[in-house]
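A.B. asks: Below are the C-alpha cells for one structure; questions will follow.
Rule-based calculations on the coordinates, nothing more; no lab input. Bear in mind that the values here come from a model prediction, so they are computed numbers and not experimental data. All Cβ positions, glycine included, derive from the backbone under ideal geometry; neighbour counts span all protein chains shown.
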Amino acid sequence: MKSIKEANVKGKKVFLRADLDVPIKNGKVADDSRLKAALPTIQYLLKKNAKIIICGHLGRPEGKPDKKSSLKPAAERLSKLLNKKIKFVPDCIGLKVKKEASALKEKEILLLENVRFYPEEEKDSETFAKKLAENADVFVHDAFASHRNHSSTHAIAKYLPSYAGLLVEKELGILQKLLQKPKKPFIIILGGAKTGTKIDILSNLPKSTDKVLIGGAMAFTFLKAKGYETGKSLYEPDKIKTAKMLINKLKEKLILPSDFIIQNGKNVNENKFKPEMNGLDIGKETVKEYSAIIKKAKTVFWNGPMGLFEGKKYSGGTKKTALAIAKCKGTTILAGGDTEHAIHMFKLSKKYTHVSTGGGAALNILAGKKISAIEALK
Ligand code: ADP
Ligand code: MG
C-alpha cells in the first residue's frame with residue numbers, strides 16, 4: 001500500500017475521501033469525533049501545500065439529494081476545528097465543482113456535497129468515479145470506516161495515483177499488530193443489532209482468540225439456535241443456521257448471556273423467557289461473569305453495545321462492560337459507530353488503547369479478510 005507520505009502533493013489537487021458521516025441534530029454536528037479523526041491528514045496536506053478537495057457521505061440519502069443528509073454542517077464544524085476557511089460546494093461532480101477546483105490555490109480547501117446523493121456511488125460505478133476523479137490529480141483514501149466498494153472509495157483508484165491517508169495507515173497498523181501476536185488471554189466481545197453482517201465474522205476468528213463474549217440483540221439469534229424461547233427479542237431468522245454451526249464449532253470458546261433485562265426492567269434468566277418478553281440488555285449475572293473474564297484478559301477487542309443503551313433503563317450492561325474494559329490492564333481496542341457513541345455517552349472514550357473509526361472494516365480485518373478499497377491502493 002502506498003502511503004500519503006510517498007506522494008508528491010505540492011500544488012496538486014488532492015481528492016481526499018474522508019469519513020464525514022457524523023450525527024446531525026438541529027442542523028448541527030452532534031458528535032465531531034469522526035471529523036477530529038480526519039484532521040491529521042488534512043493538516044498534513046496543508047503543510048505540504050496541496051490543494052484539497054474533500055469528499056464524503058452522510059447518512060442514507062438513498063441516491064438522491066436530501067437536505068437532512070447535507071454535508072454543510074460538517075464543513076462548518078471542520079472549518080472551526082481547523083481554524084481555516086472551507087468552501088462548501090453543493091455538488092460533488094459537474095460544472096460547479098470543476099470551476100471551484102480549477103480556481104483552488106495551494107492550502108485551500110473545498111468540501112463537496114454528499115457523494116451518496118448520486119445512486120451511482122454505492123454501485124461502484126466507474127463512469128461516476130471518472131467524473132469524481134476529473135477534478136483532481138491525486139487520490140487519498142482516508143475513509144477507514146467506509147470499507148465497502150463504492151465509486152469514491154474504490155473505483156476512483158483506477159483513475160488517479162492513489163495513496164492511503166494517515167488515519168487508514170494508523171488503523172491498519174494497530175489492527176495488524178493486534179493480530180500478529182495478541183497477548184493472551186485474547187477476548188473478543190461482540191454485540192449490537194447488525195447480526196446479519198457480523199455473525200459471519202465469527203467463522204473466521206483468529207486462532208489466538210480465547211473467548212468470544214456475545215451480547216446485544218445478537219445473543220438472541222444464538223439462543224434461538226439452541227431452541228430457546230426468546231419472546232419479542234430482536235433476532236435474525238436468516239442467521240440461525242450460522243449460529244448453530246458456530247455453537248458447534250466454537251464450543252466453550254463461545255459465551256452467551258445467562259440472563260437479560262427485559263422491557264419492564266426486570267432481570268430474567270436466559271431459559272425463562274415468555275412470549276411477551278423483550279430482552280433489551282444483558283442481565284446482572286452476565287455482567288458479573290463478563291467483567292471477571294475481561295479483568296483477566298491481556299487483549300480485548302469489543303464491537304457492538306450489549307443492549308439498547310440509548311434507553312437509560314437498558315444502558316447498564318453496556319456501561320458496565322465499557323467500565324470493565326476501561327479498567328483492564330491489557331491492550332483494549334474498540335470499534336463500531338454505536339459502540340463509540342456509547343463510550344462517549346459514558347465519558348470513557350479516553351480510557352482505551354484505541355477506538356477505531358470503522359466497525360465493519362475492523363471486523364473484516366480481524367477475520368483475515370481483505371478490504372478491496374484498501375487493496376486498490378497497492
Ligand atoms: P455498532 O455500530 O457498534 O457496530 P450495531 O450497529 O450493530 O453496533 O448495533 C447498535 C444498536 O444495537 C444500538 O442502537 C442498540 O440499541 C441496539 N441493540 C443492542 N442490543 C439490543 C437489543 N437487545 N434489542 C434491541 N436493540 C439492541
Ligand atoms: Mg451501528
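A.B. asks: At a Cα cut-off below 13 Å, give the aspartates and glutamates reachable from Lys296, other chains included and same-chain residues fewer than 8 away excluded.
C.D. replies: Reachable aspartates and glutamates: Asp210.
A.B. asks: Explain nothing, just compute: Karplus ³J(HN,Hα) = 6.51 cos²θ - 1.76 cosθ + 1.60, θ = phi - 60°, for every residue of the range 84-93 in order, whole Hz, x for Gly and Pro.
C.D. replies: With the stated coefficients, the range 84-93 comes to 7, 5, 10, 8, 8, 10, x, 7, 10, 9 Hz.
A.B. asks: Still on this model: For the chain, with a Gaussian network of springs between Cα atoms less than 10 Å apart, report the residue from Leu112, Leu45, Leu246 with the top mean-square fluctuation.
C.D. replies: Leu246
A.B. asks: Still on this structure, I have one more. Which residue, His154, Leu112, Ile93, has the largest displacement toward the positive end of the dipole of the range 66-166 when charges sit on each Cβ (Lys, Arg +1; Asp, Glu -1)?
C.D. replies: Leu112
A.B. asks: Peptides 195-201, 262-268: what's the order by average Cβ count within 10 Å, highest mean first?
C.D. replies: Numbers: 195-201: 18.9, 262-268: 14.7.
Most protected by this proxy first, the peptides run 195-201, 262-268.
A.B. asks: At a threshold of 8 angstrom on Cα-Cα distance, excluding pairs fewer than six apart, so keeping six or more, what relative contact order does the chain reach in percent?
C.D. replies: 15
A.B. asks: For the chain, give the share of DSSP beta bridges that are antiparallel, in percent and rounded to the nearest 5; count only bridges with both residues there.
C.D. replies: 20
A.B. asks: Here is a follow-up. How do 303-310, 71-78 rank on mean C-beta neighbours within 10 Å, highest first? Write down the numbers at each step before the final one.
C.D. replies: On the way: 303-310: 26.0, 71-78: 22.2.
Ranking the peptides 303-310, 71-78 by packing returns 303-310, 71-78.
A.B. asks: Using a 10 Å cut-off around each Cβ, can you sort Ile189, Ile374 from fewest to most neighbouring Cβ atoms?
C.D. replies: Details: Ile189 26, Ile374 22.
Ranking Ile189, Ile374 by Cβ neighbours within 10 Å, fewest first, gives Ile374, Ile189.
A.B. asks: Please state the shape class of the chain: rounded when a/c is under 1.5, otherwise prolate if a/b exceeds b/c and oblate if not, all from the C-alpha gyration tensor.
C.D. replies: Since a/c reaches 1.5 and a/b is larger than b/c, the shape of the chain is classed as prolate.
A.B. asks: What is the order of Tyr44, Tyr314, fewest Cβ neighbours within 10 Å to most?
C.D. replies: Tyr44, Tyr314
A.B. asks: What FRET efficiency would be calculated for the residue pair Ser203, Ser349, taking the C-beta separation as r and a Förster radius of 41 Å, to the nearest 0.05?
C.D. replies: 0.85
A.B. asks: May I pose another question? Amide H of Gly165 versus every other amide H placed in the peptide plane: which residues, excluding those fewer than 5 positions away on the same chain, fall under 5 Å?
C.D. replies: Residues meeting the amide H criterion: His141, Asp142.
A.B. asks: Helix-only estimate, please: 222 nm mean residue ellipticity of the chain, summing -39500 (n - 2.57) across DSSP H runs of length 4 or more and dividing by its residues, to the nearest 500.
C.D. replies: Only helices count here, giving -10000 deg cm²/dmol.
A.B. asks: Let me ask you something else. When the chain is modelled as a GNM with alpha-carbon springs shorter than 10 Å, which of Ala217, Ala292, Ala326 fluctuates the most?
C.D. replies: Maximum among the listed residues: Ala292.
A.B. asks: Holding the Cα-Cα limit at 31 Å, pick out from Lys2/Lys198; Lys51/Lys347; Lys28/Lys170; Lys80/Lys194 the pairs that are longer than that.
C.D. replies: With Cα atoms farther than 31 Å apart: Lys51/Lys347; Lys80/Lys194.
A.B. asks: Using 0.36 nm times the number of residues separating Glu375 and Ala193, minus their current alpha carbon distance, what extension gain do you get?
C.D. replies: 62.7 nm
A.B. asks: Starting from the Cα of Glu276, move 7 Å in the Cα-to-Cβ direction to define the label point; list residues of the range 233-257 whose amide nitrogen is under 19 Å from there.
C.D. replies: The answer is 233-234.
A.B. asks: Using alpha-carbon pairs under 8 Å, 6+ residues apart, how would you state the relative contact order of the range 100-231 in percent?
C.D. replies: With pairs under 8 Å counted, the relative contact order is 17 percent.
A.B. asks: What fraction of the DSSP beta bridges in the range 7-131 is antiparallel, stated in percent and rounded to the nearest 5?
C.D. replies: Looking only at bridges with both residues in the range 7-131, the antiparallel portion is about 15 percent.
A.B. asks: Sticking with this one: Would you mind calculating the gained length between Lys251 and Arg148 on full extension (0.36 nm times residue separation, minus the Cα-Cα distance), in nm to one decimal?
C.D. replies: 33.9 nm
A.B. asks: Taking the Cβ of each residue in Tyr163, Tyr352 as the centre, tally the other Cβ atoms inside 10 Å and list the residues starting with the fewest. Walk me through the numbers before you get to the answer.
C.D. replies: Details: Tyr163 24, Tyr352 19.
Exposure proxy ranking, most exposed first: Tyr352, Tyr163.
A.B. asks: Roughly how large, in nm² to one decimal, is the mean projection of the convex hull of the alpha-carbon atoms in the range 51-142?
C.D. replies: 5.8
A.B. asks: On to the next question. Stick to the Cα atoms of the range 219-310, pair each with every other, and give me the Kirkwood hydrodynamic radius in Å at one decimal.
C.D. replies: Here the Kirkwood hydrodynamic radius works out to 13.9 Å.
A.B. asks: Quick one: helix 33-47 against the long Cα principal axis of the chain, what's the angle to the nearest 10°, folded into 0 to 90?
C.D. replies: Helix 33-47 sits roughly 30 degrees off the main axis of the chain.
A.B. asks: With each pseudo-label sitting 7 Å past Cα toward Cβ, what's the Lys2-Lys298 distance in nm, one decimal?
C.D. replies: 4.0
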